[in-house]
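The values are calculated or read from the model by the stated rules, or taken from the named source; none is laboratory data. Values in this document were obtained by computation on a predicted structure and should not be read as measured data. Note that each Cβ is placed from the backbone with ideal geometry, even for glycine, and that neighbours are counted across all protein chains shown. These area figures cover heavy atoms from the full protein model, side chains too; ligands, DNA and RNA do not enter into them. Shrake-Rupley method; radii C 1.70, N 1.55, O 1.52, S 1.80 Å.
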Amino acid sequence: VQLVESGGGLVQAGGSLRLSCAASGDIICISAMGWYRQTPGKERELVADITSLGSTNYADSVKGRFTISRDKAKNTLYLQMNSLKPEDTAVYYCNLRSGVSGVNYWGQGTQVTVSS
């Protein structure tokens, strides 16, 4: 399974970005997909995830600002990020959890930088 993120970049506070994650490979059964983020010296944290049935879960810090969605036909995951804040600056990683093996797959990450 390969995950390729895109859409990161530099944006001013209050702006928006849309991240995409294209999944390819031997994808048989997906339990859930999600977005995580990490800053230097800190652990990777969940931003949002979505199950195979479409249930979503968000970190408190992004509720009301970020929206996760998935196009099953294209095997692509999205994260619409609005009202961005400097504290949203991080490397954002796409995650896919296999529904068969339980293995977690990760993308290479995409940098999001929000300037004040």
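Things to note:
- Residue selected from the range 62-87 under the condition hydroxyl-bearing (Ser, Thr, Tyr) and under 14 Å from SER16 (Cα atoms), by the criterion surrounded by the most Cβ atoms within 10 Å (Cβ to Cβ): TYR78
- Exclusive hit being under 16 Å from LEU3 (Cβ atoms) and open to solvent by less than 50 Å² (accessible area, probe 1.4 Å), set ALA23, ALA59, ALA90: ALA23
- Residue count, the range 79-103 (criterion: farther than 17 Å from ILE27 by Cβ and within 15 Å of the chain's Cα centre (by Cα)): 11
- Flag if GLU5 is open to solvent by 50 Å² or more (accessible area, probe 1.4 Å), under 22 Å from SER115 (Cβ atoms) and charged (D, E, K, R): no
- Odd one out for LYS63, checked against (1) in contact with a Leu (Cβ under 9 Å, 6 or more places away or on another chain); (2) part of a loop (DSSP other than H, G, I, E, B); (3) modelled with pLDDT of 95 or more: (1)
- Restricting attention to the range 16-35 and to residues that are in a strand (DSSP E or B) and free of Cβ contacts under 8 Å to residues at least 60 places away in the same chain, the residue that is farthest from the chain's Cα centre (by Cα) turns out to be SER24.
- The test for being assigned to a strand (DSSP E or B), open to solvent by less than 40 Å² (accessible area, probe 1.4 Å) and either touching a Gly at 6+ places or on another chain (Cβ under 8 Å) or of a type in the set (D, E, K, R) (or both) does not hold for ARG97.
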